[in-house]
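> Please find one structure pasted underneath; my questions will follow.
Values quoted throughout were computed directly from the atomic coordinates according to the rules given, and no laboratory measurement underlies them. Computed from a predicted model, the values in this text were never measured in an experiment. Positions of Cβ are generated from backbone atoms using ideal geometry, with glycine treated the same way; all protein chains shown enter the neighbour counts.
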Amino acid sequence: MNPLNSVARILLIADDRESGERYRDALADGGYQVLQAESFVEALDTAMPDPDVIVLCELAIFAYPAQKAQVLRVPAEMTPAALVVEVHRRVALRAALHATIAQAA
């Protein structure tokens, strides 16, 4: 999460810019900081080097060394609203996990 404002950062990668925009807009409306890239190569050169969640729209593969973010693949039939719900669930689960680890330490 962005430590300045506690907003989860989402990197959305979509080969088709238009289909990605509807997911990007829904995530932004849901309160997330969203950066959209059109390819894995473009994503490597973004201003968001450590996103909380990486959302893939119809891409086959995405992984890189030292990747920490969860990766969520968007099925073709998933609505933008359903994507926001799923991202929220994953961000909340990650926050709960980190809180549990911090308490155990």
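> Separation between the E86 and E21 pseudo-spin-labels, each 7 Å from Cα along Cα→Cβ, expressed in nm?
2.3
> Starting from the Cα of V7, step 7 Å along the direction of its Cβ; do the same at T79; then give the gap between the two resulting points in nm.
2.5
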